[in-house]
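Engineer: Before anything else, here's the structure in question.
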Amino acid sequence: MLDIVGEYGPRLVVGLLTTARIALLAFALAFLFGLLIAAFRVSPVPPLVRAAGLYVTFFRNIPLAVLMILVFFVLPDLDLGLSGFWSAVLALSLYSGAYLAEIIRSGINTVAAGEVEAARAVGLTFTQVLGLIVLPQALRSVVAPIGSLFIAHTKNTTVAALISAGELGDFTRRAGSASANYFTVALLVAIVFVVILVPTGSLFGVLERRVAIKR
Amino acid sequence: MTSILASDELGPQGRRRVRIATVVSALVLGAFVAVALIRLGQQGQLEPELYTDLFQAAVWRRLLTALVKYNLSVALLAMALSLTIGLGLALGRLSRSAWVYRPLGAFVEFFRAVPVLLFIFLANFGLPQYGIDLGTFGFVVVALTAYHSSVLAEIYRAGILSLGRGQSEAALSLGMSYWQSMFLVVLPQAVRRMLPAIVSQLVTLIKDTTLAFIIGFSEMLREGTRIAEFLNNRLQTLLLVALIFIAVNYALSRFATWLERRQRRRYGGVVTPAPGTLEDPALLDQPEVATVR
């Protein structure tokens, strides 16, 4: 294993940085999509409710590999081609966005109805109720599922190996076949994921306790 | 289902606002679709043959054969194996001996932090290095089982813990042994509570089978790209592949939701906090399940 680390170490670090960039960029975008879709779904405007429902059904049930292939190989047919990196970011953010929307919506449903009624009674509009009263409480109650999603999302970046995005999955494939010792390379990358994701999990645990609403 | 935000009765001003928002949003969404269609048209993607080609029986036969023979078979086989191994892992993790639960806990955490794709690489390219040859089908099953049995171990554990101690205490006080109380009293009830979660996990498994695309496994995504090359209609064929997957997974998700509702109605409340509602293995770690963190 040490000889593999020696030979492929630098490329592993590059792969890791690419994984981190894809994961973080896509999660930021996914959060945006998730908030928007969740807001649409709880709004009193029928077309938005429908469209958001369609979005969630589509992106939650499509296998990520299919979505990646669609984005990477089909968008160029529409003259909208993206690089492997940006295809991965787009596909992942659309995919995780659907899950985030569902998580945020489940958080919204935990907010007591009286809060909304009180806010409505003092004359706040839908957007104000959602933005000032409901979402701040909803988000705090769903830190744990968001953390789990972030971990799953980070693992999902490896699917970008299908479109050669240069991240860790792609690195595994290239270094694996180049070194003729696939097992060791894949094991090494697996350990990298464990070393990063297990502490990330505990970090979300701490965050959860910090922001929990004591009732 | 209307949300708490949309449930209250609106006054005249509110109704007017909603009407305006409805019209505006419908227009914006319509414009969005129109732009997409124009774009498709400009790039020659709306030619009828590109779509009618897909209605040949051969296309459907090949896609659905791949779906059943590879995606669904692998998923079901891996699910059966994971259910068995997962049970063993869960029972071990619930053991009273630290010599058993510590290492198993570490094992489950380790496996759950590793991306499924790496398991596929490890199985398909790594195992042959050690002289093990199971064929692509076998390797994919092994890879998916390795990952999903740890997830199922967590589902079992959550199911067993959700039952409360009263059940096993009552069984023990009747003179049953630990294993009798586990297999005759606790597990039958726990498994019933876990059903929605297991069905949702099957959806994730089916999705994961498409990852084997990367090792050249002839599952439906691979078959789709082959057909697309032949018919020269990538967008249309791949969209069809996507829609077939979505239809299968959506049906299963609905089934999981239905199971969960029925369970709630019958047994009043406790259903194993499912990936069911959130449908991803990792989302299992909800507060009440206390798992990998």
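The values are calculated or read from the model by the stated rules, or taken from the named source; none is laboratory data. What you see is a predicted model; the values in this text were computed from it and never measured. As a convention, Cβ positions derive from the backbone with ideal geometry for all residues, glycine included, and neighbour counts pool all protein chains shown. Note: accessible area is taken over every heavy atom of the protein model, side chains too, but ligands, DNA and RNA are not part of it. Shrake-Rupley method; radii C 1.70, N 1.55, O 1.52, S 1.80 Å.
Engineer: Just give me the residues in segment A:1-46 being more than 18 Å from B:Leu29 (Cα to Cα) and of a type in the set (S, T, N, Q), in sequence order.
Structural biologist: Of everything in segment A:1-46, those that are more than 18 Å from B:Leu29 (Cα to Cα) and of a type in the set (S, T, N, Q) turn out to be A:Thr18, A:Thr19.
Engineer: Now for a separate question. Among the numbered criteria (1) of a type in the set (Gly, Ala, Ser); (2) within 7 Å of another protein chain (Cβ to nearest Cβ); (3) surrounded by 20 or more Cβ atoms within 10 Å (Cβ to Cβ), which one does A:Ser106 miss?
Structural biologist: (3)
Engineer: If you check A:Ile22 against the conditions, is it over 28 Å from B:Ile20 (Cα atoms) and not polar (S, T, N, Q)? Outline the logic, then answer.
Structural biologist: Numbers: over 28 Å from B:Ile20 (Cα atoms): yes; not polar (S, T, N, Q): yes.
Against the criterion (over 28 Å from B:Ile20 (Cα atoms) and not polar (S, T, N, Q)), A:Ile22 qualifies.
Engineer: If B:Leu205 satisfies all but one of (1) open to solvent by 10 Å² or more (accessible area, probe 1.4 Å); (2) part of a helix (DSSP H, G or I); (3) out of contact with any Lys or Arg (no Cβ under 6 Å at 6 or more places or on another chain), what's the number of the condition it fails?
Structural biologist: Only one criterion is unmet by B:Leu205, namely (1).
Engineer: Restricting to segment B:64-115, what's the tally of residues that are touching a Ser or Thr at 6+ places or on another chain (Cβ under 7 Å) and either under 20 Å from A:Phe193 (Cβ atoms) or open to solvent by less than 40 Å² (accessible area, probe 1.4 Å) (or both)? Steps first, please.
Structural biologist: We begin by selecting, within segment B:64-115, every residue touching a Ser or Thr at 6+ places or on another chain (Cβ under 7 Å); these are B:66, B:70-71, B:74-75, B:78, B:81-82, B:85-86, B:89, B:101, B:108, B:111-112, B:115.
After this cut, where a residue has to be either under 20 Å from A:Phe193 (Cβ atoms) or open to solvent by less than 40 Å² (accessible area, probe 1.4 Å) (or both) as well, the list is B:66, B:71, B:74-75, B:78, B:82, B:86, B:89, B:108, B:111-112, B:115.
Number satisfying all stated conditions: 12.
Quick grid of which residues meet (1) hydroxyl-bearing (Ser, Thr, Tyr); (2) at pLDDT 90 or above:
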residue	(1), (2)
B:Thr204	yes, yes
B:Gly216	no, no
B:Glu219	no, yes
B:Leu231	no, no
B:Leu238	no, yes
B:Ile244	no, yes
B:Leu252	no, yes
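Engineer: Exactly one condition in (1) open to solvent by 20 Å² or more (accessible area, probe 1.4 Å); (2) at pLDDT below 90; (3) away from chain A (no Cβ under 11 Å) is false for B:Tyr130; which is it?
Structural biologist: Here B:Tyr130 clears every test but (3).
Engineer: I would also like to ask the following. Read through the list (1) modelled with pLDDT of 95 or more; (2) facing another protein chain (nearest Cβ under 7 Å), then give the number of the only condition that A:Ile37 fails.
Structural biologist: (2)
Engineer: For segment B:34-63, name all the residues that are in a loop (DSSP other than H, G, I, E, B) and loosely packed, with under 11 Cβ neighbours inside 10 Å. Break it down stepwise before answering.
Structural biologist: Keep residues of segment B:34-63 that are in a loop (DSSP other than H, G, I, E, B), which gives B:43-47, B:56.
Once the filter is applied, which keeps residues that are in a loop (DSSP other than H, G, I, E, B) and loosely packed, with under 11 Cβ neighbours inside 10 Å, segment B:34-63 yields only B:Gly44.
Engineer: Say we look at segment A:114-128 and pick out the residues that are of a type in the set (A, V, I, L, M) and more than 10 Å from chain B (Cβ to nearest Cβ); which of these is surrounded by the fewest Cβ atoms within 10 Å (Cβ to Cβ)? Please lay out each step first, then the result.
Structural biologist: Step one: list which residues in segment A:114-128 are of a type in the set (A, V, I, L, M), which gives A:116, A:118-119, A:121-122, A:124.
If we keep only those that are more than 10 Å from chain B (Cβ to nearest Cβ) as well, we get A:118, A:122, A:124.
Values: A:Ala118: 13, A:Val122: 9, A:Leu124: 16.
Among those that are of a type in the set (A, V, I, L, M) and more than 10 Å from chain B (Cβ to nearest Cβ), it is A:Val122.
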